[in-house]
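> Right, I'll just put the structure down here and ask away after.
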Amino acid sequence: MKRRWFLASTAAVAIATVGLTAACGGGGTTGSEPKVLTMATSADYPPYEFVETAGGTEEIVGFDVDIARHIATELGYELQISNIDFNGLIPALQAGRADFVMAGMTPTEERKQNVAFSDIYYDAKQTIVFPSAIAITSPADLGGKTVGVQLGSIQEELANELVKTTPGMKLAPLNRINEIIQELKSGRIEAAIIEDTVATGFLANNPDLKMVVIPEEGPAGSAVAFPKDSELVSEFNRVLAEMESSGLMNELIIKWFGDEAK
Ligand code: ARG
């Protein structure tokens, strides 16, 4: 498992430091640590979160990261980001290794048994992605095919349901979306189930792949996840609502998805 730690923008750090200095009565030279919020994510999911390598440095960026930075700044925290496999995110919250998760994560009933969720901040649909040489128009065409899904995702759950009614369909659960795309391109799997906005991004760079939207089934959309008893839930919901009403959320949607809010 790869794990990397990043500091938030220097602006957020500066604001957190100023807040701390004020709280110390203006002394400002005491060695107390600034308040830190740790976000865990699986940075394999552009445009929600991905590792940008520019000028020799690696940074986790994306829609979720912009939202998290804004919320952390509003609440007076410094933000740290921890990059782990999607399947390890809920265990990380349960073990207290992160204060929250933003990973394009859908609030399902099953997950709600183990973690708390904010309000949904973005909606999505599921698609089948496949090499253009193969003809797929609906889930029924997955019969006899090996289908890639991200381990622990709602796409894996959906595939588990489809397997029951689709003769010969086999599942290939993988840790990272990039691996799924590689397996598709090398022909080791024949299809994958991936969220629409994420699939669109990968297709733009891979003209040998195609996608078709799956008619709505099951839960969708993204919310922030927290440990069950976290006091951050209502504070995050307040800032998310402010971001909606001020138009900032829509600006970020246009920035990362190039589209109006759905
Ligand atoms: N929305 C889906 C889910 O909650 C997939 C999210 C995958 N996120 C990621 N960062 N890889 O299961």
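Every read-out reported here was derived from the displayed coordinates using simple, explicitly stated rules and does not represent laboratory data. These numbers come from a predicted model, not from an experiment. All Cβ positions, glycine included, derive from the backbone under ideal geometry; neighbour counts span all protein chains shown.
> Return V129, V163 ranked ascending by Cβ neighbour count within 10 Å, so the fewest neighbours appear first.
V163, V129
> Residues of region 108-135 with backbone nitrogen within less than 19 Å of a virtual label 7 Å along the Cα-to-Cβ line of N250, please, listed as ranges.
The answer is 120-124.
> Next up: In the neighborhood of P107, defined by Cβ-to-Cβ distances under 15 Å, what is the net charge if each Lys or Arg adds +1 and each Asp or Glu adds -1? Walk me through the intermediate numbers first.
Working: positive: R111, K112, K228; negative: D64, E109, E110, D119, D123, E157, E195.
Net charge in that neighbourhood comes out at -4.
> While we're on this one: Students often forget the sequence filter, so: which aspartates and glutamates lie under 12 Å Cα-Cα from K185 once same-chain residues fewer than 8 apart are removed?
D208
> Using a 7 Å offset from the Cα along the Cα-to-Cβ direction at both V163 and R238, what is the distance between the two label points in nm, to one decimal?
With each label point 7 Å from Cα toward Cβ, the separation is 4.5 nm.
> When a footprinting reagent is the concern and you count Cβ atoms within 10 Å, what order do M102, M169 take, fewest first?
Ascending number of Cβ neighbours within 10 Å: M169, M102.
> Hey, any idea what Rg/Rh is for region 55-201, computing Rh the Kirkwood way over Cα pairs?
My calculation of the ratio gives 1.01.
> Here's another thing I want to ask about it. Using θ = phi - 60° and the Karplus form 6.51 cos²θ - 1.76 cosθ + 1.60, what ³J(HN,Hα) does each residue of region 99-106 get, whole Hz, x for Gly and Pro?
Ordered by residue, 3J(HN,Hα) equals 7, 7, 10, 10, 7, x, 7, 8 Hz.
> Taking every Cα atom in region 35-85, find the radius of gyration and the maximum pairwise distance Dmax, and write them in Å.
For region 35-85, the Cα-based Rg and Dmax read 11.0, 31 Å.
> Once the Cα gyration tensor of region 207-262 is diagonalised, what are the square roots of 5 times its eigenvalues, in whole Å and ordered largest first, as equivalent ellipsoid semi-axes?
Ellipsoid half-lengths, sorted descending, are 28, 19, 10 Å.
> Still on this structure, please answer the following. Determine ³J(HN,Hα), in whole Hz, for all residues of region 127-134 in sequence, where each value follows from phi through the Karplus function 6.51 cos²θ - 1.76 cosθ + 1.60 and θ = phi - 60°; x replaces Gly and Pro.
Once θ is set to phi - 60°, the couplings for region 127-134 become 9, 9, 10, 7, x, 4, 6, 9 Hz.
> Skipping prolines and chain starts, which residues have an amide H placed within reach, meaning under 5 Å, of the one on M169, given they are 5 or more residues away or on another chain?
G144, K145
> How long are the semi-axes of the equivalent ellipsoid of the chain, defined as square roots of 5 times the Cα gyration tensor eigenvalues? Whole Å, largest first. If you can, show how the numbers build up before the last one.
Numbers: eigenvalues 266, 66, 57 Å².
That gives 36, 18, 17 Å for the three semi-axes.
> Then there is this: Between K35 and residues 5 or more places away or on another chain, which pairs have amide H atoms under 5 Å apart, with H built 1.01 Å from N, and which residues are they?
E78
> If you place +1 on the Cβ of every Lys and Arg, -1 on the Cβ of every Asp and Glu, and leave all else neutral, what size is the dipole of the chain about its Cα centre, to the nearest 20 Debye? Mind dumping the intermediate values first?
Working: 20 positive and 36 negative charges, 133 e Å.
I would put it at about 640 debye.
> Further question: Considering amide H positions built from the backbone, and no H for Pro or chain starts, which residues 5 or more places from A40, or on another chain, come under 5 Å of its amide H?
HN-HN under 5 Å from A40: S82, D99, F100, V101, M102.
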